[in-house]
Amino acid sequence: MAAGPKIEAPTLDALPTVPAIDPGAMAASKPYVAAKAHQEPLGFPGELLPDWEARAIAKLGELLGKYRSLRVYLDICVKCGACADKCHFFLGTGDPRNMPVARQDLLRDVYRRHFTLAGKVFGGLVGAAPLTRERLDQWYSYFHQCSQCRRCAVFCPYGIDTAEISMAAREIMDSIGIGQKYSNEIIAKVHKIGNNLGLPQPALEDTLLGLEEDVKEASGQDVKFPLDVEGAEVLLVTPSADFFAEPHVDGLIGYAKVFHQAGLSWTLSSYASEAGNFGMFIGSYEQMRKIALRIRKAALDLKVKRIVFGECGHAWRVAYAFLNTLAGPFDFLDPRYPVPQHIMELTRGFIRSGAIRLDRDANADKVVTVHDSCNIARATRMGPEPGSQFVYPRDILKAACPKFVDMHPDTTHERTFCCGGGGGLLTDELLDLRVKGAKPRVEALKQVVESHGVTHLAAMCAICKSQFTKVLPYYGYDMGMVVSVHQLVGNAIRMGEHS
Amino acid sequence: MAISGVSTFYAVLFYAATAIFLGGLAWKIGQYWRTPSPLKIAVTPAPVSAPGAALRVAREVVLFESLFFSSRWLWIMAALFHAGLALALVRHLRYFQDPVWEPVALAQPFGIYGGLAMLGGLLMLLARRLVIDRVRFVTAPSDLLMLLLLIGIGISGFGMSAMARVDVVMVKAFFRGLLMFQIRPLPIDPPLLLHLAAVAALMILFPFSKLLHLPGIFFSPTRHQADNPREARHLAPWAAKLEEKS
Ligand code: SF4
Ligand code: SF4
């Protein structure tokens, strides 16, 4: 990465502590601005427009009419501060602008100034402020210090969701020509090639063949990694990091073994070779829809009966909560199954029905804990019951590992802390922020490492996996600690004996 | 008895305040109602049915459930203030009713405790806003003024019974009169006039301020939506137009 200030992890606290505020501490943290080449493929202006201020206000007005969340949340915050100490980025940096309410205020002040009578009449008395270049820079900085994890929304008495505000702010910034390079470059790759990494079909095919050989060598089994197979029962859509990043790829091997043992035919698609949908990060319904429609087309072209998603947090949010709306109706699929399904719904079902058998001894060397991904925890379900998004992964982990320990209840389930890399922040120039943002999660991890001898952290999201392998070493933990849920399944699954 | 200018002023003030309060609220509620939610964004775990979601909102409104798990001290202060205010409001219904409803009559003695709880809660909220650095950082002058206004209403309210011994029969006649579009005399007592002016100011500010959290909580998508996106599509009109295009 580019030479920059030395990145140092904050000292971990034994008890969760709330830092004293340190104004401006993270004012300099911002991601690279998108160049023309990253903006234009998405239909955004290539550079900051000369009349950006007027256009930004007009865009805000448009969004106020389109999103009830934005409209209501900008009005009703009472500045009680209940959310202030709930954001991992505030807890990790102490910068008060990383308190959810103060982050919202960056946009709310401008809203007050331009869209409310009180703001027009009383101005600063009610906190109204004009959109200046300085304010725009603050937007760019601090709306890219929100991982859209929605922990604040759990604790706010009105459910005010700062992610909705960040998304709107990013959409406004894109529309005036100041987008974020990381997200926009990736979205363009998906539109063009089909996945975030820009892996074309031949490369993908090669990779999958390589995996077949690896599995054959290790287990002696002919486990297939099918690509673009028409007429398969299941279309598996998984984050492209699963194709070769560690430990993601071990998760992919796990899914393949599950399908193999359960005798369920499946395929990947080279056209829709990405579960992630960065359109959500930039708050763009249109971009998100365009990406989602690739999955619909792949399902139609390959004549599958079910769509199943691999391990990824925001991908599962877009899939579970938005896919049906964005790209439905999916009346051409088998109506006996929800659309889409999570791989863990299948795996847990197979374990319970006996279609696959797990041998827990295979993971006897590990004491495992689990990181609830923010998007899965706070925006989805897996089964029919509320809360199944917590139960299913734990059921699977307990079936695959003899020793499982949960972290502190204030840091799991819907109170889970973000890994610090979600929401389009998983880019090297934000590493300092990412290390600091991981602090609350690592504190909880440290606790179970010390009290229960935890050796492994199971993750169920491509971003969490990449983020943890990168930042844990700053806190003195080995990156090998991070495992995929389906990696543990893949280790434990009994191959060969079909039931 | 001749009607003083002060009585007329207060009569007009209360008609105006009521009109602005009701009209402003109706306008904001209409605006919230009309603005679509294009996506399902309920914070999960969430109820999967509409009645379940309604119950979730009701728990937030009545019990401040999220706040309870968020900050216990703040919950105590907020509960004291809001519950106290509710009791005091019920007590004040007697100024508009003749005969007074049985429940309102029964609530009279508790109304005083309500007023005390409200004032205590407000003072704690004010202290908290000034003392905790995080809260001070997000406090605008209007946040303090709002608290001071409410404290002013509470103190002037108690001031009437403690120092001035306001003629409550006359006050009641004034407000009953307003209900029948008649202007009747109001006792000219400074604590009463202060109290009423502050209440009118609060009513006027309501639809333009953060007091909108009252109607707003019923329109918060993360709370009021049922969690059923796989079962049902959820297409906003503007999003449906995108489908016509492609
Ligand atoms: S908890 Fe909600 S109402 Fe309170 S300051 Fe935060 S966003 Fe505003
Ligand atoms: S969504 Fe998450 S990252 Fe963003 S302000 Fe809320 S708690 Fe912080």
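Residues in the stretch B:206-230 that are more than 8 Å from chain A (Cβ to nearest Cβ) and either open to solvent by 30 Å² or more (accessible area, probe 1.4 Å) or under 23 Å from A:Arg108 (Cβ atoms) (or both): B:Phe206, B:Pro207, B:Leu211, B:Leu214, B:Pro215, B:Phe218, B:His224, B:Gln225, B:Asn228.
Among the numbered conditions (1) aliphatic (A, V, I, L, M); (2) in contact with a Leu (Cβ under 9 Å, 6 or more places away or on another chain); (3) within 16 Å of ligand 1 (Cβ to nearest atom), the only one that A:Ile187 does not meet is (3). I need the full set of residues from the stretch A:134-184 which are surrounded by fewer than 24 Cβ atoms within 10 Å (Cβ to Cβ), among the polar types (S, T, N, Q) and either away from ligand 2 (no atom under 15 Å from the Cβ) or in the same structural domain as A:Asp432 (by TED's automatic domain parsing) (or both), in order please. Passing the criteria: only A:Ser175.
Which of the residues belonging to the stretch A:139-154 are within 14 Å of chain B (Cβ to nearest Cβ) and either more than 11 Å from ligand 1 (Cβ to nearest atom) or of a type in the set (Phe, Trp, Tyr) (or both)?
Passing the criteria: A:Tyr142, A:Gln148, A:Cys149, A:Arg150, A:Arg151.
Residues that are touching a residue at least 12 places away in the same chain (Cβ under 8 Å) and open to solvent by 40 Å² or more (accessible area, probe 1.4 Å) within the stretch B:174-196 comprise B:Arg176, B:Leu179, B:Ile183, B:Arg184, B:Ile188, B:Pro190, B:Leu194, listed in sequence order. One residue alone among A:Pro45, A:Pro50 is within 28 Å of A:Ile186 (Cα to Cα), part of a loop (DSSP other than H, G, I, E, B), open to solvent by 70 Å² or more (accessible area, probe 1.4 Å) and in the same structural domain as A:Asp95 (by TED's automatic domain parsing), and that residue is A:Pro50.
Would you call B:Val100 open to solvent by 30 Å² or more (accessible area, probe 1.4 Å), more than 14 Å from chain A (Cβ to nearest Cβ) and not in a helix (DSSP H, G or I)?
yes
Based on this model, can you work out whether B:Ser49 counts as facing another protein chain (nearest Cβ under 10 Å) and among the hydroxyl-bearing types (Ser, Thr, Tyr)? Working first, answer last.
On the way: facing another protein chain (nearest Cβ under 10 Å): no; among the hydroxyl-bearing types (Ser, Thr, Tyr): yes.
Against the criterion (facing another protein chain (nearest Cβ under 10 Å) and among the hydroxyl-bearing types (Ser, Thr, Tyr)), B:Ser49 does not qualify.
So that you can scan it fast, the table gives a plain yes or no per residue for (1) closer than 23 Å to B:Ser66 by Cβ; (2) within 14 Å of chain B (Cβ to nearest Cβ); (3) in contact with a Pro (Cβ under 8 Å, 6 or more places away or on another chain); (4) without any contact (Cβ under 8 Å) to a residue 24 or more places away in the chain:
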{"site": "A:Phe332", "(1), (2), (3), (4)": "no, no, no, no"}
{"site": "A:Asn363", "(1), (2), (3), (4)": "no, no, yes, no"}
{"site": "A:Val370", "(1), (2), (3), (4)": "no, no, yes, no"}
{"site": "A:Pro386", "(1), (2), (3), (4)": "yes, yes, yes, yes"}
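Each residue in the stretch A:155-195 was checked for being among the hydrophobic types (A, V, I, L, M, F, W, C), away from every other protein chain (no Cβ under 14 Å) and under 16 Å from the mean Cα position of the chain (by Cα), and 2 pass.
Take B:Val48 and decide whether it is touching a residue at least 40 places away in the same chain (Cβ under 8 Å), in a loop (DSSP other than H, G, I, E, B) and open to solvent by 30 Å² or more (accessible area, probe 1.4 Å).
Numbers: touching a residue at least 40 places away in the same chain (Cβ under 8 Å): yes; in a loop (DSSP other than H, G, I, E, B): yes; open to solvent by 30 Å² or more (accessible area, probe 1.4 Å): yes.
Yes, satisfied.
Looking at A:Gly124, A:Gly81, which one is at the interface with chain B (Cβ under 10 Å from one of its Cβ atoms) and either open to solvent by less than 10 Å² (accessible area, probe 1.4 Å) or within 12 Å of ligand 1 (Cβ to nearest atom) (or both)? On inspection, the qualifying residue turns out to be A:Gly81. Taken as a whole, the condition of being away from ligand 1 (no atom under 14 Å from the Cβ), at the interface with chain B (Cβ under 8 Å from one of its Cβ atoms) and open to solvent by less than 20 Å² (accessible area, probe 1.4 Å) applies to A:Leu64.
Taking B:Ala201, is it more than 30 Å from A:Phe155 (Cβ to Cβ) and within 14 Å of chain A (Cβ to nearest Cβ)? For B:Ala201, the condition - more than 30 Å from A:Phe155 (Cβ to Cβ) and within 14 Å of chain A (Cβ to nearest Cβ) - is met.
Within the bounds of the stretch A:101-109, is there any residue that is farther than 22 Å from A:Met26 by Cβ, touching a residue at least 12 places away in the same chain (Cβ under 8 Å) and within 13 Å of ligand 1 (Cβ to nearest atom)? Talk me through it step by step, then tell me what you get.
Taking the stretch A:101-109 as the starting set, the residues that turn out to be farther than 22 Å from A:Met26 by Cβ are none.
No, the stretch A:101-109 contains no residue that is farther than 22 Å from A:Met26 by Cβ, touching a residue at least 12 places away in the same chain (Cβ under 8 Å) and within 13 Å of ligand 1 (Cβ to nearest atom).
Scan the stretch B:198-232 residue by residue and report those that are closer than 20 Å to B:Trp27 by Cβ and not in a helix (DSSP H, G or I). Answer for the stretch B:198-232, where residues must be closer than 20 Å to B:Trp27 by Cβ and not in a helix (DSSP H, G or I): B:Ser209, B:Ser220.
So that you can scan it fast, the table gives a plain yes or no per residue for (1) assigned to a strand (DSSP E or B); (2) without any contact (Cβ under 8 Å) to a residue 24 or more places away in the chain; (3) in contact with a Leu (Cβ under 7 Å, 6 or more places away or on another chain):
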position: A:Glu134; (1), (2), (3): no, yes, no
position: A:Ser147; (1), (2), (3): no, no, yes
position: A:Ile160; (1), (2), (3): no, no, no
position: A:Glu171; (1), (2), (3): no, no, yes
position: A:Gly177; (1), (2), (3): no, no, yes
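From the list A:Ile178, A:Ile160, the lone residue that is over 25 Å from B:Arg134 (Cβ atoms) and of a type in the set (A, V, I, L, M) is A:Ile178.
The values are calculated or read from the model by the stated rules, or taken from the named source; none is laboratory data. Since this is a predicted model, take the numbers as computed values, not measurements. Note that we place each Cβ from the backbone using ideal geometry, even for glycine, and neighbour counts take in every protein chain shown. Protein only, heavy atoms only, side chains kept; ligands, DNA and RNA dropped before computing areas. Shrake-Rupley method; radii C 1.70, N 1.55, O 1.52, S 1.80 Å.
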